[in-house]
Amino acid sequence: MRKPVIAVDGFSSTGKSSISKIIAKNLNLVHLDTGSLYRALTYYALKNCLNSNKEIDLNLLFKDFPKIEITFKEENNELKLYLNGEKMSQKIRQLKVNNHVSFIAKQPEVRDFLLDLQRNIAKKGGVIMDGRDIGTFILPHADFKFFLTASVEERSKRRLKELQNSGIETDEKTVRENLIKRDKIDSERETSPLKQAEDAILIDNTFLTKEETIALILTYIN
Ligand code: DC
């Protein structure tokens, strides 16, 4: 029997990735956090494509596309991302990457560059992908689509905790401003903006724990 293709989209810090990761283990699927693709390109651009004012020069990034090879290795139901052979793990979670990633993700050239890569992963089935445009654009025929949301207050709290746990010093105001700004850019961009697919199941998890959200999603799938 063909294993399902599941799309999980939604706002930042609604737990999309950590929830999808557990569902992948539970149903023996592979999980791809598509945000890591945009983060990896942002990390690359911050390292290699700056102009004399130390700002990202998009033309330098686009010119480098043929030189950028993105590959994956499966580890415990997770597709781990490598850019030109370098593992992209914690380094793509830095604040600097957070602050630039929506700008990179809104470029049509960037979205186009990452399109086939994402679709090819889902071809054989047995995958859960989380992001912003998976149900609307990348995998419009996914077997299940979920759209996660939660209040800004709750999401800022979760994000702050996550950053503090990984040793990053920041405060709730900074985190909240960053979240609001990213959501705005992600929702208002012209190419595949963040929006709920018509056939997606909406889950507001403001008052749900991670475990409760997972249980709810599994109820729909099973
Ligand atoms: O989920 P995340 O915070 O790691 O996503 C990082 C950025 O990438 C965020 O600004 C939204 C963008 N993104 C996107 O535009 N499309 C996706 N499928 C996944 C992420």
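The values are calculated or read from the model by the stated rules, or taken from the named source; none is laboratory data. These figures come from a predicted structure and were not determined experimentally. Reconstructed Cβ throughout: ideal geometry from the backbone, glycine too, with neighbour counts over all protein chains shown. We work out accessible area using only protein heavy atoms, side chains counted, and drop any ligands, DNA or RNA first. Shrake-Rupley method; radii C 1.70, N 1.55, O 1.52, S 1.80 Å.
By accessible area, using a 1.4 Å probe on protein heavy atoms only, the chain has 51% of its surface on carbon and sulfur.
At 222 nm, what helix-only mean residue ellipticity would the chain give, in deg cm²/dmol to the nearest 500, using -39500 (n - 2.57) for each DSSP H run of four or more? Roughly -14500 deg cm²/dmol at 222 nm, from the helical runs in the chain.
Starting from the Kirkwood Rh over alpha-carbon pairs, what translational D in µm² s⁻¹ does the chain have by Stokes-Einstein at 20 °C and 1.002 mPa s? Before the final figure, lay out the partial values.
Values: Rh = 17.9 Å.
Once the numbers are plugged in, D ends up at 120 µm²/s.
Compactness of the range 143-196, taken as the C-alpha radius of gyration over 2.2 N^0.38 Å, stands at 1.32. Remark: relative contact order (the chain) = 33 percent; criterion is Cα-Cα distance under 8 angstrom and separation of 6 or more residues. Within the chain, DSSP assigns beta bridges of which about 30% are antiparallel (rounded to the nearest 5). Legend: distances between Cα atoms for Lys96/Lys173; Lys145/Lys210; Lys96/Lys124; Lys106/Lys195; Lys16/Lys124; Lys54/Lys195; pairs beyond 24 Å are Lys96/Lys124; Lys54/Lys195. For Lys63, the lysines whose Cα falls under 16 Å of its own Cα, not counting residues fewer than eight places away in the same chain, are Lys47.
Residues of the range 83-106 with the amide nitrogen closer than 19 Å to a label point 7 Å from the Cα of Gln164, along Cα-to-Cβ, please. Only 94-95 pass the distance filter.
So if R0 is 30 Å, what FRET efficiency would Lys210 and Leu117 give, r being the distance between their Cβ atoms, rounded to the nearest 0.05? Intermediate values should be presented prior to the final figure.
On the way: r = 28 Å, r/R0 = 0.94.
So, using R0 = 30 Å, E works out to roughly 0.60.
Spin-label model, Lys195/Ser89: points 7 Å from Cα along the beta carbon direction are separated by 3.9 nm.
Averaged per residue, what accessible area in Å² does the range 85-187 show with a 1.4 Å probe, protein chains only?
Working: 5200 Å² over 103 residues.
I get 50 Å² per residue for this part.
In this label model, Lys67 and Asn48 are separated by 0.6 nm, measuring between points 7 Å along each Cα→Cβ vector.
For Lys80 and Lys157, the FRET efficiency from 1/(1 + (r/R0)^6), where r spans their Cβ atoms and R0 equals 30 Å, is about 0.60.
A 1.4 Å probe, protein heavy atoms only, puts the accessible area of Ile168 near 40 Å².
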